[in-house]
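Trainee: I'd like to ask you about the structure that follows.
The values are calculated or read from the model by the stated rules, or taken from the named source; none is laboratory data. What you are looking at is a predicted structure, and each value in this text was computed from that prediction instead of being measured. We place every Cβ from the backbone using ideal geometry, glycine too, and count neighbours over all the protein chains shown.
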Amino acid sequence: MHASERTTTLAAQAFHDTPELREQARSSDTFAELVDGAQRVTLDGDGRVLFLVEGDLLYDEDELQLYALQREAAQRARLAGVATAVDLDPSASLIAMAPGGRIVRWKPGLVLRYCVLRRSFPTQQQYEVVRTNLAAATEAWQGVCGIEFEHAAAHDDAPDPSLEPGEIGPGLVFTVRYIDAEGLFIAAAFFPTYPPARRRVFIDPSYFAPQLRFDRIGVLRHELGHVLGFRHEHIRSGAPPVCPDESTFDIANLTAYDPQSVMHYFCGGVGSPDLAITALDRVGAQKVYGLPFSSLLLVQ
Ligand SMILES: [Zn+2]
């Protein structure tokens, strides 16, 4: 199934295909701990509760259950000395999602069209800051690998920000909107495997706070890294132990550990508040998406 045809999450699909997994997840101690400890975010409109995982990713209950199972499996594998990550280049910073050992990426030729929902922002100035910074962040990724973003500004004035991207405009892959998550995250994103209704980038009021210690364009470069399918850099071995522990199941190490990666959190004295795309990030992104289109002479 192409990701674009997907209407359920990968987690819902996994539980549908293997119902005993669901039972296993419900009785899992890790799931109970995650639910107890998780911050909850309610999106407007449907009242659906999502759980905040890894600082800037929103999971529904199915996804949290699957995440718990993956975490347990990874712990068991670690104890048994088995690697759970697909190593594309063992000598070699970027980590890709790789469910079932296959790396996730958007289909070649797909233009990642998005709009910035003006009416969701309290002020015109905030909307403009996000629009401008997104243009810079998308340009940064386009400059390092073969991906194309397009701001479909004609859809920015959609009347209802709770509409799904597909309901706002044809060919829209994702929407960007403001949501007051009370500082639980600065911004939050999605992965390519998410169903179209969940393909949103959220901006919290803390993004605009004068004391924000991260580069604002960098925060969006980081979130767009998730949109392209990249996981957090600090989840791999080699990262300082104080960095958050996350599931390393179903990932592919694209390059060597890079403490300055755009996908690294600021933890354990490493990570950079600039959230710039590093030389190693470029190598990793090109392994998945190829050379930037601007570096190619495209012949028809
Ligand atoms: Zn992140």
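Trainee: Here are some residues: GLU233, GLU246. Which one is of a type in the set (D, E, K, R) and either away from the ligand (no atom under 15 Å from the Cβ) or modelled with pLDDT under 70 (or both)?
Mentor: GLU246
Trainee: May I ask you to list the residues in segment 126-145 that are over 20 Å from the mean Cα position of the chain (by Cα) and under 16 Å from ASP204 (Cβ atoms)? Quick ask: steps written out before the conclusion?
Mentor: Going through segment 126-145, the residues over 20 Å from the mean Cα position of the chain (by Cα) turn out to be 126-129, 132.
Scanning segment 126-145 gives GLN126, TYR127, VAL129.
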